[in-house]
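Taking it in order: structure first as structure tokens, then the write-up.
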Amino acid sequence: MRIPPDSEAGDRANTRAVMLQTSGKQQGEASMARLAGVDIPREKRVEVALTYIYGVGKTRAHETLAATGVNPDTRVKDLTDQELVALRDFIEGNYKVEGDLRREVAADIRRKVEIGSYQGLRHRRGLPVHGQRTKTNARTRKGPKRTVAGKKK
């Protein structure tokens, strides 16, 4: 049996409305706070959650919380909108983080490679840059071990 077109359109509209409502609820419950373009985990303490931002470690997290007056033991989900705005403004205003910092670091490495400095040569060869030993270890920079045939006696 065929349903008249008017009620069909109404059913589709109702279905869309219900889908929007349920998706909104799910997003509201599971949404994460965003600072500097990064999703901050809701269940963690603010002090730890701030370190998820590239360029913000423990020290900068402490400085940020002290400057904004936010308690470090507060969970991210318990932060007020004012506290989130204060954190966001302080981080974006005082620190170079995320994309800007990544670009700057990449540009510094590129510059060292181009001018042919010792550090640039080490970057180009994929070896440790800061004077670490390479006879043993340095596997992270050098990659997996390649066995070389030993000398015959």
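The values are calculated or read from the model by the stated rules, or taken from the named source; none is laboratory data. This one's a predicted model, so the numbers in the text were calculated from it and none came from an experiment. Every residue, glycine among them, receives a Cβ derived from its backbone with ideal geometry; neighbour counts consider all protein chains shown.
Just a few scattered comments:
- Residues considered: 98, 83, 92. Of these, the only one that is on the phi > 0 side of the Ramachandran plot, surrounded by 12 or more Cβ atoms within 10 Å (Cβ to Cβ) and at pLDDT below 90 is 98.
- For the stretch 35-52, filtered to residues that are in a loop (DSSP other than H, G, I, E, B) and charged (D, E, K, R), the residue that is farthest from residue 98 (Cα to Cα) is 43.
- Selection status of residue 73, in a loop (DSSP other than H, G, I, E, B) and surrounded by fewer than 16 Cβ atoms within 10 Å (Cβ to Cβ): yes
Each row is one residue, and each column tells you yes or no for (1) of a type in the set (Phe, Trp, Tyr); (2) under 15 Å from residue 49 (Cα atoms).
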site	(1), (2)
69	no, no
87	no, yes
107	no, no
118	yes, no
128	no, no
134	no, no
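- Condition met for residue 111 (in contact with a Leu (Cβ under 6 Å, 6 or more places away or on another chain) and either free of Cβ contacts under 8 Å to residues at least 24 places away in the same chain or more than 30 Å from residue 62 (Cα to Cα) (or both)): no
- Condition met for residue 104 (modelled with pLDDT of 90 or more and out of contact with any helix residue (DSSP H, G or I) (no Cβ under 7 Å at 6 or more places or on another chain)): yes
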